[in-house]
Each structure stands twice: as structure tokens, then as C-alpha cells.
Amino acid sequence: MKPTELTGRPWLIVDESGRLIVDIDTDQIYHNAHLAVTDPKEMAKYAFGNLAGWEDFPEKARPGDILLVGENFGAGSSRQHAVECFLALGIAAIVGKSFGAIYKRNAINSGLPLLELPDMPVEALRGLDEVTVDLETGEVTGPDGGLIARAKPLSKVALEIYQAGGLLRLKL
């Protein structure tokens, strides 16, 4: 059984002024120049490759890391590569103010947990070296176990898909 409490290094995806970047589209997450790549391990190298200031993210990311993103993350096309590149890097979860509808469905179907947190407490998260996200309650806690915020928890169906490792692995 996959864990429902995920602890990892938080990555606040911010611009040069320290504000969460809004409307990150699937082309910024995974550039269309690399769509011919079919090996997920190879896809990992291109995560955020078209997002100014974040091109070196794949070299810095480690399995278990948690992304904290702004509004409308994953807007745009239904590019599955934009989900697969994070799975290949071992990203444990993405907590965002909101998500593009197609991206959200692709992530859920692939078993990548997305939690919505419209009132992202950027300042409370800034500088932390670890956060824990509870997929069942939505609680986001700091290294001391103190509650930072409460995101919308995964739905029962999304949690079942996550536990199975993706929709295609779900036993009905």
C-alpha cells in the first residue's frame, strides 16, 4: 500500500520576485521540442525546461520532492509528458492553488497526487527544508509537525487510483 502521508523537500515554483508563477502551461512544463521522447526516464531531463529560471530543475530534484505551485498549473494542451516528467523524477505530489482541468485529470489517471490549496501560505512555506502532505486529510505540516495549511484532500476515487499506481493498474 502506498503511503498517504508524503514527506519531502518543498519546491515553491516562484518567479524572480518570489511570487508563485501563475498559468504555467504544459509547454513550459515540458517543451514540445521533446515530444518524440517516449522513455519516461529520458522525459525527466526536460521537466520545466521551458520555464524561465527553472531550466535546471531536473538536476536539483530528488525523489520524494513536493511541488508547490500557483494558479492554473498545467494549463493548455493535454500533453501527458508534462505529468510523466515529474513521475520520472520521483515527485511525490503537487500542491497548487488550482490546476488546468486536463492536466489534473491526466495527473490523477497517472497516479500523481494533486492537492488544491487556493490560499497557498507562501511565506509560511518559504525556507522550509521539509513538508508533509496528508493525501487523505489535506493537511500540510512543517518539519515540526505543526499545521501550515489544509488543502482539499484527494477524493476517494483519486486516492484509489494513486494507491493502484495509476488508472490502468486499478483493479475493479
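A short reminder: the numbers here are calculations on the coordinates, not readings from a lab. This one's a predicted model, so the numbers in the text were calculated from it and none came from an experiment. Cβ coordinates were reconstructed from backbone atoms using ideal geometry, including for glycine residues, and neighbour counts include every protein chain displayed.
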HN-Hα couplings for region 7-12 via Karplus (6.51, -1.76, 1.60; θ = phi - 60°), in whole Hz with x for Gly/Pro, come out as 10, x, 6, x, 10, 7
Please figure out what share of the DSSP beta bridges in the chain is antiparallel and state it in percent, rounded to the nearest 5. 50
At the level of C-alpha centres, the distance separating region 1-39 and region 53-115, in angstrom, is 4
State, to one decimal in nm, how far the label point of GLU42 lies from the label point of THR7, with both points 7 Å from Cα in the Cβ direction. 3.7
In which sequence would HIS31, HIS81 go, from the one with the fewest C-beta neighbours within 10 Å to the one with the most? HIS31, HIS81
All lysines inside 23 Å of LYS152 as judged from Cα atoms, apart from same-chain residues fewer than 8 positions distant: LYS2, LYS97, LYS104
May I ask you to compute the full-extension gain from LYS152 to THR137, defined as 0.36 nm times their residue separation minus their alpha-carbon distance, rounded to one decimal in nm? 4.6 nm
Rounded to 0.05, the calculated FRET efficiency for the beta carbons of ALA52 and LYS171 at R₀ = 30 Å is 0.10
Charge sum, other residues only, whose C-beta stays under 9 Å from THR132's C-beta, Lys/Arg counted +1 and Asp/Glu -1: -4
Apply the Karplus parameterisation 6.51 cos²θ - 1.76 cosθ + 1.60, with θ equal to phi minus 60°, to every residue of region 20-30 and state each ³J(HN,Hα) to the nearest whole Hz, in sequence, with x for glycine and proline. 4, 7, 9, 6, 5, 8, 5, 6, 6, 6, 8
Which of the lysines could be linked to LYS60 by a straight reach, that is with a Cα gap under 18 Å, when you skip same-chain ones fewer than 8 residues away? LYS41, LYS45
Simple spin-label model, 7 Å along Cα-to-Cβ: SER78 to ASP23 in nm? 2.4
For region 39-46, Karplus-derived ³J(HN,Hα) couplings (6.51, -1.76, 1.60; θ = phi - 60°; whole Hz; x for glycine and proline) come out as 7, x, 4, 6, 4, 3, 5, 10
Dipole of region 5-166, Cα-centred, from +1 at each Lys and Arg C-beta and -1 at each Asp and Glu C-beta, to the nearest 20 debye? 340
